Structure formats: C-alpha cells, structure tokens
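Inspection log for the structure reproduced underneath, given as structure tokens.
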Amino acid sequence: MATLEVRCLKTYFYQNSSVTKAVDGPSFDIREKEIFGLVGESGAGKTLTGRSILRLVPKPGKIVGEVRFKGRNLLSLSEKEIRKIRGKDISAIPQDPLSSLNPAFKIEDQMVDVLRLHLALSKQESKHRSEVLLHQVGIADPHSVLNKYPHQLSGGMSQRVMIAIAFSCEPTLVIADEPTTALDVITQLQIIDLMRRTQETHGTAILFVTHNLWLAARICSRIGVMYAGRLVENASVEKLFESPRHPYTQALLDTIPRHDVKSGTLPIIEGSMPNLANLPVGCNFAPRCPMKISRCLKRDPEEMKIDPDHKVSCFLNTESEKNG
Amino acid sequence: MTPKILSMQFSRSAKYLLSSKKILFGTIIVTGLILISILAPIIAPFDPNQQNRKAPYDPPFWFSEGSTEHILGTDSLGRDVFSRLIYSSQAAVYVAVVGTIFTALIGSAVGVLAGYYRGRVDEVNMRIVDAWMSFPAVLLSIALISILGVGLQNVALAVIVVDWSRFARVIRSETLNIREEDYIQAARSLGFSDFKIIRKEILPNLVPILTVIVTIEMSIAITVEVLLSYVGLGVKAFTPSWGSMIAEGMGYVQTNWWVATFPMITLILVILSINILGEGAREKLDPKIQTN
C-alpha cells in the first residue's frame, strides 16, 4: 500500500452554468519516503491537485474521487478529522514564504503555535524544539531568527522557516507547491538540497509541484506530467528523460535550456492551454500536438501501462503497440 | 495591505507610533483629558454646582472685577466656570470611552463574522447594516433620548446605536482583504480551525485599522455628547457639560462672554487633538496611505 493513492481526482468549479474542470481525473501513487514530482504549465492543475488532497479548495469548487492516505480516504473525513491531518500527517510548503507568515507575530510565536496545536507540547518545550528545527534547516543563529518578524527575513531565510514548520510535526507526506519559484536561482538550489536532506533525515514522502522540469529531475524519483487538468505521463525520472512517450513531455524536455547546445532560439510549444470550462472534444493536448492523428480529436485517450513504472495517456502509444 | 507593512508596524509599535508628532501631540492631550476627568475632585477649586447668588457674572481673574478665587469667572448662578469646565470633562470622557468601546465591540464582531464567513452570514448582516445606515443619525439619537430620557448612559447608548453599523462596514471590508492573504491559507493548511484563525490571524492584523477608526469614533462620541447636551437632551439637569455650559452662556454672550467661550475653546481643542491623533494614526497605519 502506497502512502498516498490518488484515484480519479476531480476538482470542478461550478459557476452559474459553466463547469471549470481544473483537475480532471488524475490517478497516481506516492510511495513511502519517495519524492514524486507533479510538473506542468501554469494552470495545468498541479497546484490545485495538491490543495485538493488537503481539501483546501475555495468555495465553488467540489472535489470527488478518492484520495487514500495510509488507507483512509481523505475525501470522506469530517472537517475536524482532516484538520488533525493538516500540518501533522500531511503538511504543505507554500510558494511565497514571505507572505505565508503571519505579519503580526514573531517567528517563534508562529512555530510554537503549530507545535502546541499538533503535539500538545508545553511552551518551553515548543520554544526549545523550534530552535532545534531552525538549526536543522541550516539557520546558523536560530535564536535571532526566532525573535524576528516575517518582514525582517530574506526570501531564502523565510523559506527555510517554512520548511522547518512543515517538518516540525514529523509528517508522513509534505506537499511542496513551487517552493523555489519565488527565490533567486542560487537560493533555489540550496533550498532544493535542503529539502532533499531533510526528507532523507525524516523519512518523509514529498509531492513536489513545479513548472520546472529540470528542477524536478534534480530531486524527484518519479514524475507525473499534467496538462489541462489531466495526467498525461507518469514515469521514473530516468524513463521520462530517456524515452518520453507523450508529445507534450517531449516538447517540455525540448524547452529545457542546455548549456552544451549553443544554437539560436529556444524551442517553445505553440499555442496555449485550452479553457478549462470549455475543453475540446478528444485529447486536451491535440489542438497543439504536432503528432496528432484523427482519433485524437474524437476521443479521450485512456491511460496505458508501458512499463511497471511508465504510464502514458496518448493514442500514439496505442498505435505503436498495435504496430510493434 | 501587504503583510510586509503590517509586520513592520508590529515590530516597531510604540516607538514607531510616537515618532509621529501628530500622534504624540494627540496622545498627550487625550491622556491629559482623561487624567483631568479622573482627578477633577482634586483639581477643581469649587463644587461645580455650588451656587453663589451674591457673586454672579464675575469675569476672569485678569479683569479688575475678577479675582484669583474664580480664575475663569462665574456664571449667572455664581458657579465657578473653571471648576465646571473641569468636571464637564467627565461627561465627555465617559461617553467617549463607553460609547467607543461598545461601538467597537459590536461593530467589530459583526464586521469580522460577516467578512470572514461571507455567504449567508455576510448577506444577512449587511442587509441589517444597510437598513440601519439609512436612518438619519440625528433623528435616531433624538428619538432614543426622548424614549429613554436624558443622562450620560443614554447618550453613550445613542452613540453606540447609531455608529456600530459604520464600524461594522469598515471592519468587514478590511477582514475581506485579510482573509485573501497567503498567510490565512497557510494557517489553514497547517490545521488551524476557523476560530483560531480569526483569533490569531485576523484580529491581530485588524489592530492598525481599528486604531484609526477608534480615534475617529471618540471624536464623534464627544461631539454627540456636546450637541445633545447643548439642546438639553444630553446630561441630566445638574451635571456639568461643555454643551450645556455653552447653551447657558450663549444667552448673555454679548456681555458675559466667558461662560460660553471657555467651554467652546476647550471643546475645539479636544476635538482637534483627537482628530490630529486620528490623522497621525492613519498616516502611520492606514494601508492605503502607506507606500514604502
């Protein structure tokens, strides 16, 4: 049994007469202690998938499907029960650390609040634990940081604090939503390495949501590629990079800048994602796909298993299966 | 309001606020006023209602007919103007403090709940607020006093009844802004309940805007007390108030001007000071003015 088993997760937004299918049926597993990447363009639904797992979807949105965490379906829990899981068994690292901290309180107060909420520690114990946690995320002077207010921290420092908070209650799974997007390139790598080290120490699984395929490859063991709310390819990092089976994945790989190829312009993917309230008939990527066949515009491709560790949703693969 | 600005304010708090001359000036005057109202029995040389029929209309001490006994003179019944001036601060402070506290409590409660929960709670509350605000404030307060009778408690009640809705609107608006901030989302993802979020994330971040509107509310409260007392619908018969002093003194202002003039000056000074305090607070705390 995997730590997290997502099955046909659908998060639709119902407004007036339109339905926006922001997350449209992805299924994937995250195994114990593994780092699974969810990669895609802005608007592909990856962030919302992460939020749906924690049931943090705003009002007109409705979540259906199954999200089994250690065997329990999170979507069928009461509000009280899911609150116990949030921050403790499953925690989240947000995209923008500076705005994710309460401006009214010092860092110490905020960390102590979380610890006392989930672990029922005394104030003294929580304060001590906070200092240890900050030390673990590479902050040289925890005492000084604890006494600061959020705006007094740099982006990198505050993201370290968020990581410390996320791991503070020994979660089984951490959902990291674009944790490095708001940071400069050098800090990005530092934070990624920190996350890898912390994950190894705590034995936590991570759902790493990002639009940066290159960054995902650095830290993840398996990657799921999302497009317009659907999971189009799901494979180990090696298989994904060596033999990508979906045209979208191939196009994404082509857009990664390579320092050894000094040719002219960077390849881009023509067109843009379809309106999620008005999806085309057939494969969502077909309108932009350079290799589409007639079938692609008529029916939705089903997920196919190429290898035990490689799934793809694309008719081209069915074709090659037929021929080869 | 960006979290960065709010965060800056909390870290510097007292020092930050007092660096503003306006806030400093306003705070000194308001504190002085409150002290005077508490220490009135000690400071005032005479009982404010002590009449001296033998010495009415005594002018202030710098006139030849005046004396240092009654430094600001006496009124038509020989009552010491200076003492009445001091004791009147009690009426103003009472209404300002009581009226503002309860207006803030009720208005904030309604505003925060409406702004945080939205949906049905919001709609119902705001319908009530809208309906409430369509009543003219003056008529409402006069009607209230006519029904309940005069007295400081009812004046404070009038302030609360009229102004809570305005308060609710402002707090609701600010709450709507705050709840969209990333740190609210982050708090939810960490497992905090609505109640905890309101208590630790919404309310503390409302303090800046609250400070601003509370100072404005005090100014309104005092003005209401004075106006009602002026027309005889404020303080009870023998309670001194700047309003009633002015009303009485206006009757003979051409000849014995001091009875009406000194309370007028005092009133203007107090209202101006509170407004300056509010302006200073707004400059330092109001999100819309902050630029750095």
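Each reported figure results from applying straightforward, stated rules to the coordinates on display, with no laboratory input. All figures in this text were calculated on a predicted structure; none of them were measured in a lab. We place every Cβ from the backbone using ideal geometry, glycine too, and count neighbours over all the protein chains shown.
Summary of computed values
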quantity: Residue match in the stretch A:130-148 (condition: in contact (Cβ under 8 Å) with a residue 12 or more places away in the chain, within 11 Å of another protein chain (Cβ to nearest Cβ) and either crowded, with 16+ Cβ neighbours inside 10 Å or on the phi < 0 side of the Ramachandran plot (or both)); calculated: yes
quantity: Condition check for residue B:176: more than 7 Å from every other protein chain (Cβ to nearest Cβ), touching a residue at least 12 places away in the same chain (Cβ under 8 Å), surrounded by fewer than 19 Cβ atoms within 10 Å (Cβ to Cβ) and aliphatic (A, V, I, L, M); calculated: yes
quantity: Complete set of residues in the stretch A:77-94 that are surrounded by fewer than 23 Cβ atoms within 10 Å (Cβ to Cβ), at the interface with another protein chain (Cβ under 9 Å from one of its Cβ atoms) and in contact with a Pro (Cβ under 7 Å, 6 or more places away or on another chain); calculated: A:88
quantity: Selected residue (criterion: nearest to residue B:47 (Cα to Cα)) from residues of the stretch B:58-72 that are of a type in the set (D, E, K, R) and surrounded by fewer than 17 Cβ atoms within 10 Å (Cβ to Cβ); calculated: B:69
quantity: Complete set of residues in the stretch B:198-224 that are without any contact (Cβ under 8 Å) to a residue 60 or more places away in the chain, facing another protein chain (nearest Cβ under 10 Å) and buried (at least 19 other Cβ atoms within 10 Å of the Cβ); calculated: B:201
quantity: Subset of the stretch B:225-257 (residues that are in contact with a Phe, Trp or Tyr (Cβ under 9 Å, 6 or more places away or on another chain), part of a helix (DSSP H, G or I) and crowded, with 20+ Cβ neighbours inside 10 Å); calculated: B:225, B:226, B:229, B:242, B:243, B:244, B:245, B:246, B:249
quantity: Some residue of the stretch A:43-50 being among the charged types (D, E, K, R), surrounded by 23 or more Cβ atoms within 10 Å (Cβ to Cβ) and touching a strand residue (DSSP E or B) at 6+ places or on another chain (Cβ under 8 Å); calculated: yes
quantity: Selection count, the stretch A:102-124, where residues are under 27 Å from residue A:4 (Cβ atoms) and either touching a Pro at 6+ places or on another chain (Cβ under 6 Å) or of a type in the set (Val, Ile, Thr) (or both); calculated: 1
quantity: Residues within the stretch A:190-212 that are touching a residue at least 12 places away in the same chain (Cβ under 8 Å), outside any loop (DSSP other than H, G, I, E, B) and farther than 19 Å from residue A:48 by Cβ, tallied; calculated: 11
quantity: Selected residue (only one of A:179, A:171 is within 11 Å of chain B (Cβ to nearest Cβ), within 30 Å of residue A:217 (Cβ to Cβ) and out of contact with any helix residue (DSSP H, G or I) (no Cβ under 6 Å at 6 or more places or on another chain)); calculated: A:171
quantity: Looking only at the stretch A:96-112, and only at residues there that are more than 7 Å from chain B (Cβ to nearest Cβ) and without any contact (Cβ under 8 Å) to a residue 40 or more places away in the chain, the one that is surrounded by the fewest Cβ atoms within 10 Å (Cβ to Cβ); calculated: A:109
quantity: Residue in the stretch A:56-76 that is within 14 Å of chain B (Cβ to nearest Cβ) and within 18 Å of residue A:211 (Cβ to Cβ) present; calculated: no
